[in-house]
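This report concerns only the one structure given below.
The values are calculated or read from the model by the stated rules, or taken from the named source; none is laboratory data. A quick note: this is a predicted structure, and the numbers were derived from the prediction, not measured. Positions of Cβ are backbone-derived with ideal geometry, glycine not excepted, and every protein chain shown enters the neighbour counts.
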Amino acid sequence: MQTAEVGDPGYTLDLILDTYRNIYCLFKEAEEDVCEEICYYIEEYLELGRLEHYNEYGIDIEHPYEGLFLKTGCRYKYTINHTKKVYYSLNETKILFQGNTENDFSDPLPILMSYG
């Protein structure tokens, strides 16, 4: 895995954020949550003159809301990757912590994509 190559094994999220864009901001249902995140990006940019962390939504600081919140229905029963021939359902797919306790707040898609 690439994270092991750079001496930081076990942090799949870092690898995913370097490769993929969070598309949650495309859905009308996510507008309130994403606008709050965008405000953090803008505050950070105004304070530092640059973004300190990864801009996961790909926000253009000059036009932060352009092209966002255009789709409806941010939740679907299945997410399918036709190329890799894998799918998951939020009702069926579980993410477990190392102690085998269930993580009930994370979406498994980034983890599945990292193994693609």
Sort through 81, 55 and tell me the only one that's within 18 Å of residue 21 (Cα to Cα) and in the same structural domain as residue 110 (by TED's automatic domain parsing).
81
Pairing a residue in region 37-57 that is modelled with pLDDT of 80 or more with any residue that is surrounded by 10 or more Cβ atoms within 10 Å (Cβ to Cβ) and among the polar types (S, T, N, Q), where Cβ atoms lie under 7 Å and the two sit 6 or more apart in sequence or on different chains, gives 41/55; 57/22
Please count how many residues of region 51-67 are aromatic (Phe, Trp, Tyr) and exposed (fewer than 10 other Cβ atoms within 10 Å of the Cβ).
0
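Would you mind stating whether residue 102 is at pLDDT 85 or above and either surrounded by fewer than 12 Cβ atoms within 10 Å (Cβ to Cβ) or not assigned by TED's automatic domain parsing to the domain that holds residue 26 (or both)?
For residue 102, the condition - at pLDDT 85 or above and either surrounded by fewer than 12 Cβ atoms within 10 Å (Cβ to Cβ) or not assigned by TED's automatic domain parsing to the domain that holds residue 26 (or both) - is not met.
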Can you tell me which residues in region 81-99 are in a strand (DSSP E or B), surrounded by 12 or more Cβ atoms within 10 Å (Cβ to Cβ) and of a type in the set (A, V, I, L, M, F, W, C)?
86, 95
